[in-house]
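Beneath this line is the structure, given in structure tokens, with notes to follow.
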Amino acid sequence: MSFNITIDNNSAVNGGGVYCEISTGSKTLGYITQVSQNTATNAGGGIYYKGTASTDIATFTQAISVTNNTATNYGGGIYVEANSLKFSNTVTINNNQTTAVTTATNTTSWFYGGGGIYNMGTLNFTNGDVILSNDTTCGHGGGIYNRGGTITCTGGNLTISQCSTRMDNGAVKYYGKGGGIYDTLGGTIIIGASGKAKKLTISNNSSTTGGGLHLADASLTCWGNMLLENDTAAALGGGIYNNNSTIDCKGTMTINDNGSATAGAGIYNDNGTCTYNGTINITNNYQSSATATTGGGGVYVHTSATTTFTGTITINNNYSAFGGGVYNNNILNFNGATTINGNTSMMGGGIYNYTDKTITIGTAASPANLTCNKNTANNTHGGGIYNNGTLSIYGNCNVDSNTAQNGGGGIYNYTNKTITIGTDASPANLICNDNTARTDAGGGIYNAGTLTIYGTSTISNDTAETSGGGIYNSGSAANISCMGTVSMYNNSSKTNGGGIYLYTSGTQMTCASTLSIDSCRANAGGGIYVNTGCTLTIGTAASPANLVLSKNSARTSTGGGLHNAGTINCYGNLTATNDTSNTTGGGIHNAGTLSIGGIATVTGNIAGTTGGGIHTTQNLTLNNGSTLSNNTAGTSGGGLYMTANTI
């Protein structure tokens, strides 16, 4: 025979339905199956538990429903003051509430909350699923407020849905934290156990901060998968708000379709050390405020937070004002493979790294790759990446199919800032392909700082509306260093430098190995345009490297392969073949200093007017064995047109 005890429509100061206090030993509450519509003017609208000693345990053994209970201050459904309360069957906690309002001036009220559960002891769910739904509070923790306690759910899944720190009238209560869960003051929550991969689902919850989950000096461990979905924050952290806390997910953590008004629609990291262990997917999160001045559709890192993701992470299809995928305002570490695709913002579609802040991907000992594809900056710069600090990528970097309204379709590196890919001991490669700068320069890369690539660089199919289809390098201290081979092909711009444009006096680019530019197009300098006061260096005297120009075109002006008005030092051989210009210098137009350490081979180039192979107005040295052959000029100098004194 089974017994069912229902406790409803009762009232008290504490424990409106059930008050259980144990001074020694254990108690079994075996037949209580429903606790509903009870009221407490202080704590525990449905159930209040207190154990005097750490060994005191009360156990509910039947499947139980705790519904429609109300407490004024703490724990609308369940309140655990101290020591251990255990449920050994399925638990349903729904439509409970606390009504006292948390305000900024009433310090006591800062601890109000726990619409479904308020825990300061040890709360164990050992067998069966636990479901919280439609629980509300005017304080913190619409579903659960874990205040320095321990909650374990080892025997089933934990689901928290449609819980809120708002009441039915829709008014957002000041200071409300954690629509689903508020875990604080050293609190610990554990879902599952070793060999028991239980799932945590937090969905459709809402709060001022931490729509789904708000952690503050706490920890959460899930041995199965985690899902945070459709949670919303009226201010910060639609899915997760993290303050100096750790989330350890042994399965896969999915943060999807969450929203916040101002920052961190997926995750907001506020202060201290914020750590995430495991595989994480952050997708389709959105910032709702039209006037927001920050961002981080996927991830936001605040000024005093050091945030580390230790596993593989995917940040896709998120939206915010700045940093559609990631907005970093302090220190951000991605230790595993990082994919940031399809995100949108006004600036820094994929990544926005704020002034003098630091992002690191991988480590020297354990390199990790970055993939940053199909992101959009629909108002200004940096379709894939906008860097205004230090960005270090220890693995390979793939930047593909990104778009910026202004400069840097793939990458925008701000004045005097630093991007490094790989190390000397462990070179890593860059692929920058099919990116677009809609109205400005640098279809692939806009660099005004220091960009160092230790491996090979492949820059292809990038487009700029103005200059530098592949690379736009500009600034008195702007410097690009490529330690491996550089292959550029099919890049285009409408003005200067289809492949590369070095613009401002003092700008430098150094290639330690071969620089090859193929099938690039611009009005002038189809392959390369080096402006006055700029320097391009290929190789060194001790380690010569070659410059190869092929099938590039200057559509309306000079230098099909190369237009030089600055300084070019090529310590190896220079080859220009099948390049074309509309006016002068089908292969090369030289109005600066061009030094070739090896042999020049200039063949099959075409100029509309003069200098089919080379047009030079400055002194030029061609070494023994150099060849100019099968070039064509529309008027004069099929092979060579010179107005300089010597050659």
>> Just checking: which of the strands (runs of 3 or more DSSP E) contained wholly in region 232-340 hold 1 or more residues that are over 14 Å from the mean Cα position of the chain (by Cα) and among the small types (G, A, S)?
In response: 232-236, 246-256, 267-283, 299-309
> If we scan region 370-391, do we find a residue that is small (G, A, S), open to solvent by less than 30 Å² (accessible area, probe 1.4 Å), touching a Pro at 6+ places or on another chain (Cβ under 6 Å) and over 20 Å from G468 (Cα atoms)?
Replying inline: no
> Here is a list of conditions, (1) within 18 Å of S481 (Cβ to Cβ); (2) open to solvent by 10 Å² or more (accessible area, probe 1.4 Å); (3) not hydroxyl-bearing (S, T, Y), and G442 meets all of them except one; can you say which number that is?
Replying inline: (2)
> Within region 74-101, how many residues are part of a loop (DSSP other than H, G, I, E, B) and surrounded by 24 or more Cβ atoms within 10 Å (Cβ to Cβ)?
Replying inline: 4
> In region 340-365, what count of residues is obtained for those that are open to solvent by 10 Å² or more (accessible area, probe 1.4 Å), of a type in the set (S, T, N, Q) and within 13 Å of I393 (Cβ to Cβ)?
Replying inline: 3
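Looking only at region 257-273, count how many residues are in contact with a Leu (Cβ under 7 Å, 6 or more places away or on another chain), closer than 16 Å to T293 by Cα and open to solvent by less than 20 Å² (accessible area, probe 1.4 Å).
First pass over region 257-273, keeping only residues in contact with a Leu (Cβ under 7 Å, 6 or more places away or on another chain): 258, 260, 262-264, 268.
Narrowing the set further to residues that are closer than 16 Å to T293 by Cα leaves 260, 262-264, 268.
Cutting the leftovers down to open to solvent by less than 20 Å² (accessible area, probe 1.4 Å) gives us 260, 263-264, 268.
So the answer is 4.
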>> If I ask for residues that are surrounded by fewer than 18 Cβ atoms within 10 Å (Cβ to Cβ) and farther than 24 Å from G362 by Cβ, which ones from region 417-439 would you list?
In response: T439
> Quick one: what pairs do we get from region 317-338, first residue under 20 Å from Y394 (Cα atoms) and modelled with pLDDT of 95 or more, second open to solvent by 10 Å² or more (accessible area, probe 1.4 Å) and in a loop (DSSP other than H, G, I, E, B), C-beta under 6 Å, 6+ apart or different chains?
Replying inline: N328/K357; N330/K357; N335/T310; G336/G311; G336/T312; A337/T312; A337/N369
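Residue-wise test of (1) at pLDDT below 95; (2) in a strand (DSSP E or B); (3) basic (K, R).
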{"residue": "G598", "(1), (2), (3)": "no, no, no"}
{"residue": "T601", "(1), (2), (3)": "no, yes, no"}
{"residue": "H615", "(1), (2), (3)": "no, yes, no"}
{"residue": "Q618", "(1), (2), (3)": "yes, no, no"}
{"residue": "L622", "(1), (2), (3)": "yes, no, no"}
{"residue": "L628", "(1), (2), (3)": "no, yes, no"}
{"residue": "Y641", "(1), (2), (3)": "no, yes, no"}
{"residue": "T646", "(1), (2), (3)": "yes, no, no"}
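Which of the residues belonging to region 137-153 are part of a strand (DSSP E or B) and open to solvent by 20 Å² or more (accessible area, probe 1.4 Å)? Can you show your working first?
Residues of region 137-153 part of a strand (DSSP E or B): 137, 140, 144-147, 150-153.
If the condition is that a residue be part of a strand (DSSP E or B) and open to solvent by 20 Å² or more (accessible area, probe 1.4 Å), then R147, T150, T152 are the ones that fit.
The values are calculated or read from the model by the stated rules, or taken from the named source; none is laboratory data. Note that the structure is a prediction, hence the values are computed from the model and not measured. Every residue, glycine among them, receives a Cβ derived from its backbone with ideal geometry; neighbour counts consider all protein chains shown. Protein only, heavy atoms only, side chains kept; ligands, DNA and RNA dropped before computing areas. Shrake-Rupley method; radii C 1.70, N 1.55, O 1.52, S 1.80 Å.
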